[in-house]
Amino acid sequence: MISVEGLTVEFGGFTLLNGISFVVNKKDRIALVGKNGAGKSTLMKIIAGMQIPTKGVVSIPKDTSIGYLPQQMQLSDTRTVMGEAERAFEHIHDTEHEINCLNAELSERTDYDTDAFQALIDRVALLTEQFQMMGGTNYHAELERTLLGLGFMREDFDRPTSEFSGGWRMRIELAKLLLKRPDVLLLDEPTNHLDIESIQWLENFIATRANAVILVSHDRAFINNTTRRTLEIEFGHIYDYKVKYNEYVVLRKERREQQTRAYENQQKMLADTESFIERFRYKASKAVQVQSRIKQLEKIERIEVDEEDHTLLRLKFPPAPRSGSYPLIIENLTKRYGDHLVFAEATFTVNRGDKVAFVGKNGEGKSTLVKCIMNEITDYEGTLKLGHNVKIGYFAQNQAQLLDENKTVFETIDDVAQGDIRTKIRDILGAFMFGGEASDKKVKVLSGGEKSRLSMIRLLLEPVNLLILDEPTNHLDMQSKDVLKSALRDFDGTVVVVSHDREFLDGLVDKVYEFGNQRIREHLGGIYDFLERKKIENLWELERKTAVSTVTPTPEGAVAEATFTLAAGQNNPVSYDEQKEQVRLVRKLEKTIAETERQIATIEANISALEARMITPEGAADASLYIQHEKFKNELSDAIDRWEKAIEALSKNK
């Protein structure tokens, strides 16, 4: 589908990408990995046609559509959420408008027997068939499903986009991109502005509906769940692994070990051969053997070990000054924005040394509570107390955007450094991979990850005992995330982390505060304990209800939906028959999912075969093919709906 050949990108004598080549095939799911600054975003921009390489060619078939979601973009504020999302279907509106104009022209013309009139009729017929094939006006259900999947509520649809944060507006751009169904989808850090539920929805979308996908993400769980091929960029070269990320990590290590062993064995052989030559070079009796060894050396193809990037962020938080036993005490805390209740009656205590996570959907109050703690919001009800001698270090979600882009890296740190620390700025920058000339770079030329690292340096300049980090891993590469996680584990103070990154929170936090339904609930244990407990709690809730279930099968093996009625005052344990009914329902759902997946595969194969016929001259003139194509598309949409409902029902009942 896309062929990249000999691609080279140079900046002022520095080679970012050096003659890389690879091919993107139909239905590929590719993870593009490498350190921040390795050239991942640059490569995405070149494929999207937004940047020109120094050398090389990117070959894209003329009829191939590409959708690109960058890390940052300029967003429009002139429409409602629904109005902005509907722009994904502008091609449908344009076709409909042309049909209406042509029909109006036909109604006014009287030259019925002319070739021009017949050509006009043919044009209207062709456009009408194309309009039906594109879905006509039947796209609203898919539009709503996509917006809901990305976390919007129905009441948000008619709100102006200007009322939403940048992260939510990026979700609208993502929705538009997904709805266009491009042949190749380029996603640069798509999960940075998504909560856990929306990330899981996007994983499902990519797995079931997307065509070819190339994505950059530092969320291990996300790329493992969505990709099957890994392209690694390192020192300007590209390495292609036909496996998902976790397997790539293993294969990459094995490849380097094999290269190293082969290199060491060859070096020993070369040394032995050269030693033999030097030893017997001037002995006539060994002349033939010496010449043979010399020719052997000339023919040997020297093994090279791939250059490896060993530069690593070194991060250690200063020792925390001792605080009181309870750095944060919250009692009956309630926050409203006008008539909108964010959360009510929140009551909990964070102990000294706790490492806790704030999780939940965006808009449920996580960042709002952080701003209350930071005294940026004061119009709340209830009590919020900071303990004795609490010194807060705060990393805001938009911390990187708060930097002055016209200053250099060195100036950015020099402005906030005080006392003796100013004499060590160069050393500190070097530890954060800003050594040498990198410290003189302007902030505006830094990548998102480099800006995040620079913001983290500012956080380290003053000893604190309560770290509050709001989405600290956005834009950090995987190695930097691992280093930050290790440093936080070793930090002897208290940590509050707002994050949707499951892998980052795993093994770091020992308590989870769940934000949802205008409440804040405390859960002891790690993030995966919390996620597992959520499933168990949902099952217990079902089991506490009487097993009076109404199962209504829908056509074509659709999902059986079970409804349970809670008997007044009933708290009896679930019976054996109820357990059997639960198991039976789960098995039925699993069978439905398997059958629906087979149906989807069959329909997609039929569509592909039909589209192959439609691009031929004979097929393009056959109106029945367009009608059949529209029928298959509708069947596919219905099958995907049934599959999604089955997956959702299974997650609730399993």
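The values are calculated or read from the model by the stated rules, or taken from the named source; none is laboratory data. What you see is a predicted model; the values in this text were computed from it and never measured. So basically every Cβ, Gly included, is an ideal-geometry build from the backbone, and we count neighbours across all protein chains shown. To get the accessible areas, we keep the full protein, side chains included, count just its heavy atoms, and leave off ligands, DNA and RNA. Shrake-Rupley method; radii C 1.70, N 1.55, O 1.52, S 1.80 Å.
List of remarks:
- Nonpolar atom fraction for segment 431-484, defined as the carbon and sulfur part of the 1.4 Å probe accessible area, stands at 47 percent.
- Three-way shape call for segment 146-267 based on the alpha-carbon gyration tensor, with the a/c threshold at 1.5: prolate
- Gyration tensor verdict on segment 238-394 (Cα atoms; rounded if a/c is under 1.5, prolate if a/b is larger than b/c, oblate otherwise): prolate
- The residues packed around ASP622, meaning those with a beta-carbon under 14 Å from its beta-carbon, carry a net charge of -4 if Lys and Arg are +1 and Asp and Glu are -1.
- Along the chain, the longest continuous region that contains none of the chymotrypsin sites (Phe, Trp or Tyr not before Pro) in a DSSP loop with at most 11 other C-beta atoms within 10 Å is 283-654.
- Anchor LYS268: lysines whose Cα lies under 28 Å away (excluding residues fewer than 8 positions away in-chain): LYS253, LYS283, LYS286, LYS295, LYS299
- The slack in the chain from THR273 to PHE410, taken as 0.36 nm per residue of separation less the alpha-carbon distance, amounts to 44.1 nm.
- Positive minus negative residues near SER447 (Lys, Arg vs Asp, Glu; Cβ under 12 Å): +2
- Electrostatic bookkeeping for LYS242 treats Lys and Arg as +1 and Asp and Glu as -1; over the other residues with beta carbon under 14 Å from its beta carbon, the sum is +3.
- Value of relative contact order over segment 1-144, rounded to a whole percent, pairs C-alpha under 8 Å and six or more apart: 20
- Between GLU98 and ASP482, the FRET efficiency from the beta-carbon distance, with R0 = 56 Å, is close to 0.55.
- If R0 equals 22 Å, the separation of the Cβ atoms of ARG489 and ARG422 corresponds to a calculated FRET efficiency of about 0.15.
- Loop-located GluC sites (Glu not before Pro) across segment 239-305 with a Cβ neighbour count of 13 or fewer within 10 Å are GLU301, GLU304, with loop assigned by DSSP.
- The calculated FRET efficiency for ARG109 paired with PHE11, based on their beta-carbon distance and R0 = 60 Å, is about 0.50.
- Distant-in-sequence amide H partners of GLY19 (H built 1.01 Å from N, under 5 Å): LEU7, THR8, VAL9
- Anisotropy class of segment 364-514 from Cα gyration tensor, a/c 1.5 cut: prolate
- Kyte-Doolittle mean at least 1.0 and Cα axial length at least 20 Å: DSSP H helices in the chain: none
- Bridgeable aspartates and glutamates around LYS355 (alpha carbons under 12 Å apart, same-chain partners fewer than 8 residues away excluded): ASP490, ASP492, ASP506, ASP510.
- Taking 0.36 nm per residue of separation and subtracting the Cα-Cα distance, full extension of the segment from LYS55 to LYS444 would add 137.5 nm.
- Reducing segment 100-161 and segment 451-516 to their Cα centroids gives an inter-centroid distance of 49 Å.
- Cut-off 17 Å, label 7 Å out along Cα→Cβ of SER608, residues of segment 189-213 by amide N: 207-213
- Computed over segment 437-521: relative contact order in percent, which uses C-alpha pairs under 8 Å that are six or more apart: 27
- Additional length obtainable on full extension of the chain from LYS295 to ARG322, 0.36 nm per residue less Cα span: 2.6 nm
- This structure gives mean projected area of the Cα convex hull in nm², computed directly, and of [x] 30.2; [y] 44.5; [z] 46.8 that value is listed as [y].
- If only the Cβ of Lys and Arg carry +1 and only the Cβ of Asp and Glu carry -1, the dipole of the chain around its Cα centre is close to 2900 debye.
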